[in-house]
Every structure is written in structure tokens, then in C-alpha cells.
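As C-alpha cells, the structure follows; a few thoughts come after it.
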Amino acid sequence: MVRLNEIRPNEVTVEAPQPTDASLVFIGRIHTPWTSRLTCPRQGRLDGPICTIEIFEPWVAALAGIERYSMLEVLYWLDQSRRDLILQSPANDGSVRGTFSLRSPVRPNPIGTSMVRLIDIDGAHLRVQGLDCLDGTPLIDLKPDRCQFTPLAPPQAGDDERAAVTARID
Ligand code: SAM
């Protein structure tokens, strides 16, 4: 069940430190069909509605080359979330789980991530499918999908490092 900002039975809040959002720079804004958390999907779908990611200046030139990738990782700031819950009840049935075992938008640093399909780019606007955030959600970062991305810099020592001891299988 979607939450607005209520506390449910057995949920636990903490005295959270004052947020210092100013240490992040929002590089754009996400335009989606959803204006209410009650109707927003919980996870995006690659066949979901087309959404637009708007990039602000001076970051538009940083899109150069992104058209090579059909899949992008999008990081965004779930700005309307409360941030002080450590135990949450997603089903609102009295059972609780720790915030870090959930993908809930309610977390100390409300970062959302989605893998999206890039449809096309028009200047500062990217049309994508696969998002699950409210209209106007601030954009933190864009990255090429890690499977499609091959490092462009020369290899370095740690790239192929493996664990020294492998797990024992009994
Ligand atoms: N896909 C992301 C992830 O896994 O990190 C986000 C998942 S989160 C469960 C998606 C939900 O966050 C939506 O269904 C909506 O209820 C809520 N949400 C979306 N945009 C938000 C915003 N700007 N502020 C607060 N909550 C938001």
C-alpha cells in the first residue's frame, strides 16, 4: 500500500540528522504522467509510459555520447519522502522490515534508481520508458547501463581482482 507520510503500526522512526541536500546538485527534472504517490507505479516498466528527462544548463553538453546506449541508469531524488523510518511496514499489517532491506522511497537519503530504455534525445530532453517517479522529481545523475558500457580508459590493476579465498561448498 502506498504511503503518504503516515506512521503505521510497529514502524519505528529515529531523530534523523538535519538533511543537507544542498551538497547535491540537481542536474535536471523528470517529467512523468504521475502527480500522486497513490497512482505512481512502485517500479517502472520498460513498456511503461514515455517520460521526459530534462537536463538543466550547464549540464546539457554532458549528454555527448549518451545516444550510443539504449539503456540508461537514472538516479533521482524522491523529494517528497519522509526520511526518519528505520523499520517499515510495506503491507501495513503490523509486520516490519528494515529500511535497507526495502526499495521504499522512505529512506535517510531518498535516492531512487531505475533502468530505462532511451527512445530519443532532443537537445536537453531525453524521452525514456521505465520510470516510477512523480512529475517534477529532481534528477541526480544519468549513467550508461553497466552491461552496455565498456571502460574507455586503459585497464588498471584492480580491474580483474578476485577474492583470495573462495567460499567453501559443503
Ligand atoms: N525505482 C526506484 C528504486 O527502486 O530505487 C524507486 C522505487 S519507489 C518504491 C517508487 C515509489 O516512490 C512510487 O510508487 C511513489 O510512491 C514514490 N515516489 C515517486 N516519486 C516520488 C517523489 N518525488 N517523492 C517521494 N516519493 C516518490
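Please treat every number below as a calculation from the coordinates, not as lab data. None of the values given here were measured: they were computed from a predicted structure. Here the Cβ is made from the backbone with ideal geometry for all residues, glycine too, and neighbour counts use every protein chain on show.
Structure values in brief
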{"read-out": "Sites D159 and E73, calculated FRET efficiency, Cβ-Cβ separation with R0 22 Å, nearest 0.05", "value": "0.65"}
{"read-out": "Which of P33, G130, V96, positive extreme of dipole for region 1-134 (C-beta unit charges)", "value": "V96"}
{"read-out": "Relative contact order (%) - criterion: Cα under 8 Å, at least six apart; region: the chain", "value": "34 percent"}
{"read-out": "Loop sites in region 39-140: trypsin sites (Lys or Arg not before Pro), DSSP, at most 14 other Cβ within 10 Å", "value": "R42, R45, R103"}
{"read-out": "Additional length obtainable on full extension of the chain from D135 to E15, 0.36 nm per residue less Cα span", "value": "40.3 nm"}
{"read-out": "Calculated FRET efficiency for the pair Q43/Q148, C-beta based, R₀ 30 Å, to 0.05", "value": "0.90"}
{"read-out": "Range in the chain, longest, excluding exposed GluC sites (Glu not before Pro) [loop by DSSP; at most 13 other beta-carbon atoms within 10 Å]", "value": "16-160"}
{"read-out": "Principal axis dimensions, the chain - Cα atoms, whole angstrom, descending", "value": "51, 51, 34"}
{"read-out": "Inter-probe distance in nm under a simple model that places probes 7 Å from Cα toward Cβ, at Q80 and F100", "value": "2.9 nm"}
{"read-out": "Cβ-defined net charge surrounding D145, 13 Å radius [Lys, Arg +1; Asp, Glu -1]", "value": "+3"}
{"read-out": "Estimated vicinal HN-Hα couplings, Hz - region 81-87 in sequence order (Karplus 6.51, -1.76, 1.60; Gly, Pro = x)", "value": "7, 6, 10, 10, 8, 9, 10"}
{"read-out": "Total formal charge among the other residues, if their Cβ is under 15 angstrom from that of A91, Lys/Arg +1 and Asp/Glu -1", "value": "+2"}
